1. So how do B:THR169, A:THR215 line up by other beta-carbon neighbours within 10 Å, fewest first?
2. Cut-off is 10 Å between beta-carbons; in what order do A:PHE33, B:PHE176 appear when sorted fewest neighbours first?
3. Please arrange A:VAL46, B:VAL109 by how many other C-beta atoms lie within 10 Å of their C-beta, fewest to most.
4. Out of the DSSP beta bridges found with both residues in the protein assembly as shown, what percent are antiparallel (nearest 5)?
5. Give the Rg (one decimal place) followed by the Dmax (whole number) of the range A:117-246, computed from C-alpha coordinates and expressed in Å.
6. Using the Kirkwood formula over every pair of different C-alpha atoms, what hydrodynamic radius in Å results for the range A:1-111?
7. Using a 10 angstrom cutoff on alpha carbons, build the Gaussian network for chain B and name the most mobile of B:ASN36, B:ASN84, B:ASN212.
8. Please report, in Å, the Rg and the Dmax of chain B, where both are computed over Cα atoms only.
Amino acid sequence: MNFTLVVWRQARAEETGRMVEYRVEDVSPDMSFLEMLDVLNEDLIVSGEEPVAFDHDCREGICGMCSLVIDGVPHGPERATTACQLHMRHFKDGATITIEPWRAKAFPVIRDLVVDRRALDRVVQAGGYVSINTGSAPDANSIPVAKHDADVAFQAAECIGCGACVAACPNASAMLFVAAKTQHFARLPQGQPERTRRTINLVEAMDREGFGACTNHYECAAACPKEIPVRFISDLNRDFIKAAAHHGRFGTLPPQGDLEE
Amino acid sequence: MGRLDGLLNTSIGQKLALAASGVALIGFLLVHLLGNLTLFQGPEVMNAYAHWMQTHPLLWAGRVGLVTLFGLHTTLAIRLALENHRARPIRYAAGLRSQDSTFLSRYIVLTGLLVLAFLVYHLLHFTVGAVQPEHARLLDEQGRHDVYGMVVRSFGEPAVAISYLVAMTILGLHLFHGLRSLSQTFGVNHETYVGAIRWAAGGLALAIVVGNASIPLSVWLGWISL
Ligand code: HEM
Ligand code: FES
């Protein structure tokens, strides 16, 4: 298969970028999208040009590193599929494909298609961490969890933190991410003691990073490679209302710098 | 930081305030619609109702309250929209291809602003009497403002009737997304009921629009006359 790629090139964060057109030829339909980019990069290296920088790690759809907006859709046209698991057979031979980085104020471009997603890490850090020695892991079934709750918590925990929800949202909102991260704990008995504080801190941290607000477009869930449903956003809203009603404390987030490593 | 302060300083808090002001506006729309429907009970009932309201001691309190409510909803909406716009300073060259969002959700600010524009026209028309002054100042036999006559004469002109029907359609587009969003925004999402709630919300939006639109339509079709 042959493709024309229109790719965002930007040498450094401080420089302005632009879309550049390339041809890739002899692509196997069984190649993943990232393998197709590998082919392009080999061609570029041979011809003495800078290869296109893009994020990737596991290439099996579990790490959340790949982050390409393909033809205006984060992770490309296949639902429930990361870009690394997207195969070229889903494209028409001879097609022109545009490839852009995640776009959000909170995700500045580092280079080409690579963006800085540490904003998501800082949001998660704002949820707190275990600071005392709690001993070894307790017996597996010493705290009973209803099957339904365990399933829902697990569904939220499937979030791989890739940020496609932010990239897909017309408002660059991180609500689906924050919803998944809070609801993952909110469903379990172990998550109850700090539920109020965690909810408020994560939302305040999300706002501080410059993400937008949710206006119920539901593009996030459509783009999510793990199909996290938007009802978690509704759960987050309810937890937030409860947190405000139940003596939750606002504005207690440590300064942004203190959260970093 | 106070809790209300803290709440309203967050993105979710602002969205909740926007939705709450929307609910209050829905309340107003329902009361307003019931008042309008007195038209179908004839000139006596409608003019008596209008007279009661226009001479009510709390008329101005109500008006100030409504202006505040519309102002609050609009201000919050525009502020939120601007903040959301700033959250993506560099747009996609190829644009975002919409998957699950609807025309209604993407144009909610536009439909809201058009509703506001219609509201100004509507007030100039029936409250101030500036659009069709020839129909606005008539009195009925008991010397009361002839609201029934004003409405029927106004909608006798097709251009005016059509402008109201268009405005109601736009209001419907806004309300349909707004009302169906409420359960999501307020976290009412029990699997068993959420489907029914969203149907009911859509139905309420439709009822408000059909109810209001029935007035110019009935006049136009000759079901209601002087
Ligand atoms: C009759 C007048 C109006 C009524 C009854 C009304 C009602 C509502 C309701 C119920 C919502 C739902 C909030 C939610 O998402 O949960 C809403 C949202 C909204 N309204 Fe209005 N509204 C009216 C006029 C306006 C006007 C004049 C504007 C001006 C810009 C406006 C802009 C918005 C916006 C931007 C949203 C946000 C929707 C979203 O977050 O998806 N509305 N409205
Ligand atoms: S590279 Fe790990 S999910 Fe795509």
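1. Numbers: B:THR169 12, A:THR215 25.
Lowest count first: B:THR169, A:THR215.
2. With the sparsest Cβ surroundings first, the list reads B:PHE176, A:PHE33.
3. Working: A:VAL46 8, B:VAL109 18.
Final ranking by Cβ density, sparse to dense: A:VAL46, B:VAL109.
4. So the antiparallel bridges in the protein assembly as shown amount to around 75 percent.
5. Considering the range A:117-246 through its Cα atoms, Rg and Dmax are 14.8, 45 Å.
6. Final number for the Kirkwood radius of the range A:1-111 is 14.3 Å.
7. Among B:ASN36, B:ASN84, B:ASN212, the largest mean-square fluctuation in the Gaussian network model of chain B belongs to B:ASN84.
8. Considering chain B through its Cα atoms, Rg and Dmax are 20.2, 66 Å.
Every read-out reported here was derived from the displayed coordinates using simple, explicitly stated rules and does not represent laboratory data. Just so it is clear, the model here is predicted, and its values are computed rather than measured. Here Cβ is always computed from backbone atoms with ideal geometry, including for glycine, and neighbour counts include all displayed protein chains.
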